[in-house]
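Derivation of every value follows stated rules applied to the coordinates shown; laboratory data play no part. It should be emphasised that the depicted structure is a prediction, and the values quoted were computed from it without experimental measurement. We place every Cβ from the backbone using ideal geometry, glycine too, and count neighbours over all the protein chains shown.
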């Protein structure tokens, strides 16, 4: 690793996740210390997406940077705000981690270490690369597998956990996505955009848990529209990449 | 092709009156800044066209022939449907643009608020350390 301090932004998009954050945030203390020992300058921010509970207060009490949207803008906007903040802070790396306790903060060290050894543009913490006992509903697993196949079909890249929110972005991907972030569901679109613009994506098998408290954004009636909306988005992204062929890559 | 609606003077007066009231209403909205000039102009234009089509028989005749529809009433329905559809599409585009702009503004508001808080804290810390000295 070079002597120059790298800047790592850790972004937690959160909407009414006060209960989960109470359990999750103390686990970051040792991880951040470890990162600082390894020569990283860390900036951890919670993007409070218009929560009506104590999400912002809990994050602020934990000494974290809190960026609060004045009202709920959705998951995509919350992640995008994190990208904008990381870019304004001139970060070298951006890590996104869910606020629901699915991801283990301790695994950040594994992701960063792997990233430094084998640099890519995006490193994804994957639930499905190895069987590590993650329990998933059949319908959801079928949906993820279907979209994984579609992404393979349109980009040629095999990514097993296409919806994982535990991701580490390199500087090139960070800068590109800060300016060109998807509007609706970012999971698939970011993958296709990055792959089509020549970025390298890799997965790292990690253990993940079920959400601690509350319900997932995919468990409401929106889940019915979700696959159709994503199919439409993938089609449009492909059209856009065909149209932009020859333009500068990130 | 000659079976057009026979528009009576009474019908012309009613349509003309409604058109006039509608235009006055649009001007009122414009005056009260509840409608932008772009939208007001579009509505005034379409009102004038609709009123003219009823008052001037040859224009109605032309529009009916142009659409290829046999009856004048059907031609009016067709044009009304196309117009409403176009308005809905234009409004959908406008709403999408506005929601994107709102999203960006809200995101920047969040980021700037956070940065101001940071600067405030930093300046408070500087001030307090200055007092100690």
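Given the protein assembly as shown, what percent of its DSSP beta bridges are antiparallel, to the nearest 5? Numbers along the way, then the final one.
Working: 7 of 29 bridges.
The answer is about 25 percent antiparallel.
Sort the following peptides by mean Cβ neighbour count (other Cβ atoms within 10 Å, averaged over residues), highest first: B:116-126, A:6-16, A:146-156, A:37-47. It would help to have the intermediate numbers written out before the result.
Working: B:116-126: 10.5, A:6-16: 23.5, A:146-156: 15.4, A:37-47: 19.3.
Highest mean packing first, the order is A:6-16, A:37-47, A:146-156, B:116-126.
Rounded, prolate or oblate: pick one for chain A, where a ≥ b ≥ c are the square roots of the eigenvalues of its C-alpha gyration tensor, a/c under 1.5 means rounded, and failing that, prolate if a/b is larger than b/c, else oblate.
Values: a/c = 1.40, a/b = 1.16, b/c = 1.21.
It is rounded, given that a/c, with a ≥ b ≥ c, falls under 1.5.
Compute the distance in nm between two label points, each set 7 Å from the Cα along the Cα-to-Cβ direction, one at residue B:92 and one at residue A:72.
Taking the simple label geometry, residue B:92 and residue A:72 are separated by 2.5 nm.
Nearest 5 is fine: what % of DSSP beta bridges in segment A:94-250 come out antiparallel, could you say?
Working: 7 of 12 bridges.
Counting only bridges with both partners in segment A:94-250, antiparallel ones make up about 60 percent.
Return the FRET efficiency for the residue pair residue B:113, residue A:228: r is the Cβ-Cβ distance, R0 is 41 Å, and the value is rounded to the nearest 0.05. Spell out each step's value before the answer.
Working: r = 36 Å, r/R0 = 0.88.
Approximately 0.70, to the nearest 0.05.
Once label points are set 7 Å from the Cα along Cα→Cβ at both residue A:184 and residue A:157, what is their separation, rounded to one decimal in nm?
It is 2.2 nm.
Using a cut-off of under 17 Å, list every residue of segment B:80-107 whose amide N is near the label point 7 Å from the Cα of residue A:236 along the Cα-to-beta-carbon line.
Residues B:89-104 qualify, since their backbone N sits under 17 Å from the label point.
Which order do the peptides B:14-23, A:134-143 take when ranked by the mean count of other beta-carbon atoms within 10 Å per residue, highest first?
My ranking of the peptides, most packed first, is B:14-23, A:134-143.
Over segment A:1-148, what is the percentage of antiparallel beta bridges among all DSSP beta bridges, to the nearest 5?
Details: 0 of 17 bridges.
Within segment A:1-148, antiparallel bridges account for around 0 percent of the total.
Counting only other chains, and only Cβ atoms inside 10 Å, what mean value do you get across the residues of B:96-102? Mind dumping the intermediate values first?
Details: counts 1, 0, 0, 2, 1, 0, 3.
Other-chain Cβ atoms within 10 Å of each residue's Cβ, averaged: 1.
First check a/c for segment B:1-96, with a ≥ b ≥ c the square roots of the eigenvalues of its C-alpha gyration tensor; if it is under 1.5, answer rounded, and if not, answer prolate when a/b is larger than b/c or oblate otherwise. Present the calculation step by step, with values, prior to reporting the outcome.
On the way: a/c = 3.31, a/b = 1.48, b/c = 2.23.
Oblate, since a/c reaches 1.5 and b/c is not below a/b.
Modelling each spin label as a point 7 Å along the Cα-to-Cβ direction, I'd like the residue A:210/residue A:41 distance in nm, to one decimal.
4.3
Tell me, what is the FRET efficiency for residue A:118 and residue A:30 to the nearest 0.05, using R0 = 22 angstrom and their Cβ-Cβ distance as r? Mind showing how you got there, number by number?
Numbers: r = 25 Å, r/R0 = 1.12.
So the FRET efficiency works out to roughly 0.35.
Length gain on complete extension for the stretch residue B:31 to residue B:62, per 0.36 nm per residue less the alpha carbon to alpha carbon distance?
Numbers: separation 31, 0.36 × 31 = 11.16 nm, distance 3.54 nm.
Taking residue B:31 through residue B:62 to full extension adds about 7.6 nm, to one decimal.
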